[in-house]
Structures are given as structure tokens and as C-alpha cells.
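Structure first, then comments.
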Amino acid sequence: MQKMSIDDLMTELDDARLTAKENGQASAMVAATMSKAKLLGLDKGVTDDNEVQPISIIVRTVDARKPETVC
């Protein structure tokens, strides 16, 4: 069994996000983005010195019937 690196996982999640985007699956896109944030430790909002840092997550909604328009 081949070991996977963080870079390998990030690449797979990027691919999954692009596939979801092509298919108009906004929730799958968000799930892939959040998975990337978790892998990088960004979901915790803390730094090495244990100070809580604010994070912002921007979610764009797209009408699947008109993917070129942002709601």
C-alpha cells in the first residue's frame, strides 16, 4: 500500500472540488474545501502560540440551472 502525503490528498480534494463545480454540486464543493482546511489545520483558528485567530469562510451560492450567475 502506497503512503499518501498531504500534497496527494490536497490534489485529490482539488480534483473532487473541480468535478463538483462542473456538476453544479455546491455542497460537495464546500465539503472539499472544508476537508482541505481541516488537513491544513485551518479549521481550528489557532496559531502555534495558542492565540485564537479569526477565520473567514466565503461561500458562493450558484443557481444550478444558471451556473454562470452568482446568487
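Taking the criterion of being of a type in the set (A, V, I, L, M), closer than 20 Å to I6 by Cα, open to solvent by less than 80 Å² (accessible area, probe 1.4 Å) and modelled with pLDDT of 70 or more, the residues of region 29-71 that qualify are M29, V30, A31, A32, M34, A37, L39. Of the residues in region 3-17, not one is at pLDDT 90 or above, in contact with a strand residue (DSSP E or B) (Cβ under 9 Å, 6 or more places away or on another chain) and surrounded by 10 or more Cβ atoms within 10 Å (Cβ to Cβ).
The values are calculated or read from the model by the stated rules, or taken from the named source; none is laboratory data. Note that the structure is predicted; figures quoted are calculated from it, not measured. So basically every Cβ, Gly included, is an ideal-geometry build from the backbone, and we count neighbours across all protein chains shown. Please note that ligands, DNA and RNA were not included when accessible areas were found on the heavy atoms of the full protein model with its side chains. Shrake-Rupley method; radii C 1.70, N 1.55, O 1.52, S 1.80 Å.
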